[in-house]
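Scroll down for the structure; my scribbles are underneath it.
The values are calculated or read from the model by the stated rules, or taken from the named source; none is laboratory data. What you see is a predicted model; the values in this text were computed from it and never measured. Every residue, glycine among them, receives a Cβ derived from its backbone with ideal geometry; neighbour counts consider all protein chains shown. SASA here: full protein model, heavy atoms, side chains in, ligands and nucleic acids out. Shrake-Rupley method; radii C 1.70, N 1.55, O 1.52, S 1.80 Å.
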Amino acid sequence: MKYLALFFSLFVATAALALVHDSGTPDTLKVKLRPTIEALRTATPPVIDGLLSEEIWHRPGVTHFTQRDPSEGKDPTQRTEVWVAYDDAALYIAARLYDSAPDSIIARIGRRDADISSDWFYVGIDSYHDRRTGFYFGVYASGAVNDGTMYNDDWDDNSWDGIWDAATHIDDKGWTAEMRIPYSQLRFPEQDEYTWGINFIRRIDRNKERDDFVMVPKTESGWCSRFADLTGIRDIHPPSRMEILPYVVSGSRFTNMFDAGDPFKKHTSFTGNVGADLKFGLGSNLTVNATINPDFGQVEVDPAVVNLTAFETFYDEKRPFFIEGANMFNFGFGGANNNWGFNWGNPNFFYSRRVGRHPQGEVQHDGFTDVPDGTTILAAAKLTGKISEGWSIGSMHAITQREYAKVDDGAGNRFADVVEPFTSYNVVRTLREFNSGKQAIGFIGTAVGRDLNRDYLSGQFNSSSYAAGADAWTNLDSAGTYVITGWLATTRVLGSPARMLALQQSSLHYFQRPDARQVSIDSNATSLSGYGGRVAINKQKGNFSLNTAFGLISPGFDSNDMGFMFRTDVINGHLVLGYNWYEPDGFFRQKWVNVATARNYTFGGQKNSEGYFFFSGGTFMNYWNMNAQFTYNPAVTDVRNTRGGPMMKTTNLYNIFAYLGTDGRAAFVYSLGLSGARSESGGYRVTLDPSVQFKPSSSVSISVSPEINRDITIAQWVTNVEDVSAVNTYGGRYVFGKIDLREYSANIRLDWTFTPKLSLQLFLQPLISVGEYSDFKELKQPGTYTFNRYGRDNNSTIALDADGYQIDPDGSGLHNFTVGNPDFNFKSLRGNAVLRWEYLPGSTAYFVWTQSRTNTDDPGQLDLGRDIGKTFGATDYESAFLLKLTYWWHP
């Protein structure tokens, strides 16, 4: 509790500063030079064709732009002129982007939100006029578009796809852009006259030139807070907002991944589904997004992963309903433009991949089984927006169906075992900002409830779980150079004694560690509670950078039902110092260097992580870029290597990393990453990451990113065996082996954009992962890096037969045990292709193909030619074709 008291004092101090900070502090962002742009009302809506033929565009426009790259502060090499108009329904933006060499304009085409090397024009709009948030709309010279939201002043998120129009045209003067942004796509409270924030950016790609209307120097921070004021808009009204997006989907599935006689599986099956997304406004500032029976068949497949750690694999969210507006649920690091972490996994309170996950329960009967691939989301809804100026709110609520596994025992009996209970997921987040975002305080709460309608479910699932937290930040000086941020949270998980026992012994907690003074097993517990928090100080601007943080997560903290976390029982601190050079020196255009140190302790006082870091990087004058890193991790006492057993010493570890990438404007773009590590135990790791991107035309991009990895670990955990005779290690034998891990993989992508509305994406990932184990041994003494090697020490013997390794640990013949052969040779080929056609604004047709092939022949034996053949020719396969049609309707 002493750690909680200390941290609570730090957090309360941060929150108090946020609440009582002098709101009259001069706002250095309200600079005397903040420009003003007047929007003119147009009686006739412009035709969005990119020709700028309307009279409203023939008056003088905004022309004073400033270079940010490559020569910060200088005049642009080409002239830009921008106009703003409006009517009762929409805001209109037009731009004339003069170019003395129109034939040199780079007009690559890409799908929506693609990051492509091309000339482009951007407008950012802060319609709330809170100087913290907004929307951005971008258009490439080809007519391809990019849009998203802005938050935390200078962060952005491209997951939002607005319904708006844009057109471009290239002529002998350069190129032009024209946009129509309906008010239904913006958020603003009703007023008699409006003042919004606005900014413009132009990109001239052949020069790597960026020209800003309001340019923020690289040594400064902020973005939305620097915008110009857009005035002149009056007599308009926030429209009523209602959008409905019904869908229909039909598909077929082909597989041979089932056993002969399986009554559930077929070579070919057909599916169909219907559902709808709904979006409507509550007043002018709040938006409800709802989905009924959603389908996400068009999203890219997850990559294959071989995970030999005790930690869960984190997968990125790719489903549109969950990624749109996800930044609203960010917690704990707002207000700062850097959020460093060293061996610190900030708990995620809302990990949306929990909703609709693969069923987690165990089948209760033996036989052939038919388990659903995922849990059906019956309905989900989000509420996001602002309650009042500076006060935002977000909430998400979802219910998932009770899922059954069908079981056939082969004797004519069939069963339906519940493998995922009916579940309700809920998260609420609110944030109140003060003094133009210089201070803020916020709260988050999550709740998960399950209907455990079978007795056996109570031992497999938490019945309910809750999390609640508060976060805050405040600037420490009137110039906004330094900011302190912090968060404090608590969690509580409820369930049966059997379930709580399993949770205490899980890899996230390991309460059963025999030499851990700070935790112990409670077999009668029906709940598990914990707390966590962090305080950080960050330098926001200037050449010199600083970031330092202190955080802790108690052993009983658990947000995993709704969120995601890597570890508990940790007290962490770090310090980062750095310097950035932004002026070209004839060799580098810009460069940077950072040094850092970090340590972790358990709540029992054991130091279980320590590191010293050096990072450096820069951009050369020819726009190649590089970075390098060196890390030294001294030996510490690790509390997790034995997977719930006693502490174990590590050895000194040295890491290096280097990267070099070429100019992204070229037809061929290359990069090479090389990393290596060496442990004083004798283990080492070498990873090679080359990549090439080929752009044969303005509409096609092909990239191949292979990875080759060789990792030899001297003491890779294999298993734990209970044995009361192992008195030196608390009645257990903690078995390790040397592993020689060799992996070959590649990410292969094809992006072919026929028009801004029609595109084809192909993704393919082959993976070969071979692990060969040898030199089996057991931990000799807790807190050391010493072992009894089977077959060499302590009269022990080891022999391999068809059942695995037969081990006699002491030669007595009384304590023999068997360890299954852990060698593996996992070969996987995953891929999908998505043809996307936006046939009407907001309405899209998808044709999707996915395939997965696996092979596990020849465990522990690598033959690259043979294994490549078996990867692409694997006989175990699963393929699917899907046609999905959505239609956007609004009154």
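The table below gives the values:
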| quantity | calculated |
| --- | --- |
| Probe 1.4 Å - accessible area at His64, Å² to nearest ten | 130 |
| Region 595-665-region 829-860 distance, computed between alpha-carbon centres (Å) | 36 |
| Region 715-845 - Rg (one decimal) and Dmax (whole number), Cα, Å | 25.1, 78 |
| Pair Leu864, Ser424: separation of 7 Å Cα→Cβ label points (nm) | 5.7 |
| Calculated FRET efficiency for the pair Trp889/Ala833, C-beta based, R₀ 30 Å, to 0.05 | 0.60 |
| Residue-span extension gain [Asp171 to Asn339] - 0.36 nm each, minus C-alpha spacing | 56.0 nm |
| Compactness relative to 2.2 N^0.38 Å, alpha carbon Rg of region 61-158 | 1.17 |
| Label-point separation, His58 to Ile163 (7 Å along Cα→Cβ), nm | 3.4 |
| Heavy-atom SASA rank of Leu862, Leu528 (probe 1.4 Å, accessible area, largest first) | Leu862, Leu528 |
| Segment Gln191-Asn543, extension gain: residue separation times 0.36 nm, minus the distance between their alpha carbons | 122.6 nm |
| Sites Phe881 and Asp229, calculated FRET efficiency, Cβ-Cβ separation with R0 51 Å, nearest 0.05 | 0.45 |
| Solvent exposure, largest accessible area first (probe 1.4 Å, DNA, RNA and ligands not counted), of Glu55, Glu433, Glu209 | Glu55, Glu433, Glu209 |
| The chain - percent of accessible surface contributed by carbon and sulfur, probe 1.4 Å | 55 |
| Global form of region 61-117, assessed from the alpha-carbon gyration tensor, a/c cut-off 1.5 | oblate |
| Cα gyration tensor, region 440-530 - rounded (a/c under 1.5), prolate or oblate | oblate |
| Trp155 - accessible surface, heavy atoms, 1.4 Å probe, Å² rounded to 10 | 60 |
| Relative contact order for region 430-517, counting Cα pairs under 8 Å that sit 6 or more residues apart, in percent | 24 |
| Accessible area of the chain divided out per residue, in Å², using a probe of 1.4 angstrom | 43 |
| Global form of the chain, assessed from the alpha-carbon gyration tensor, a/c cut-off 1.5 | prolate |
| Area of Met179 that stays accessible when all protein chains are in place (1.4 Å probe, Å², to 10) | 0 |
| Full-stretch length increase - Leu494, Ser527 - with 0.36 nm per residue and alpha-carbon distance subtracted | 11.4 nm |
| Set Lys382/Lys884; Lys173/Lys208; Lys265/Lys757; Lys265/Lys870; Lys74/Lys591; Lys279/Lys406 screened for pairs whose C-alpha atoms are more than 27 Å apart | Lys265/Lys757; Lys279/Lys406 |
| Computed over region 647-733: relative contact order in percent, which uses C-alpha pairs under 8 Å that are six or more apart | 20 |
| Nitroxide proxy distance, nm - points 7 Å out along Cα→Cβ at Asn622 and Thr755 | 4.1 |
| Span-like helix ranges in the chain, DSSP H, alpha carbon extent 20 angstrom or more, Kyte mean at least 1.0 | 2-20 |
| Rg and Dmax of region 309-450, Cα atoms only, in Å | 19.9, 72 |
| Modelled FRET efficiency - R0 22 Å, Ala502 with Asp373, Cβ distances, 0.05 increments | 0.35 |
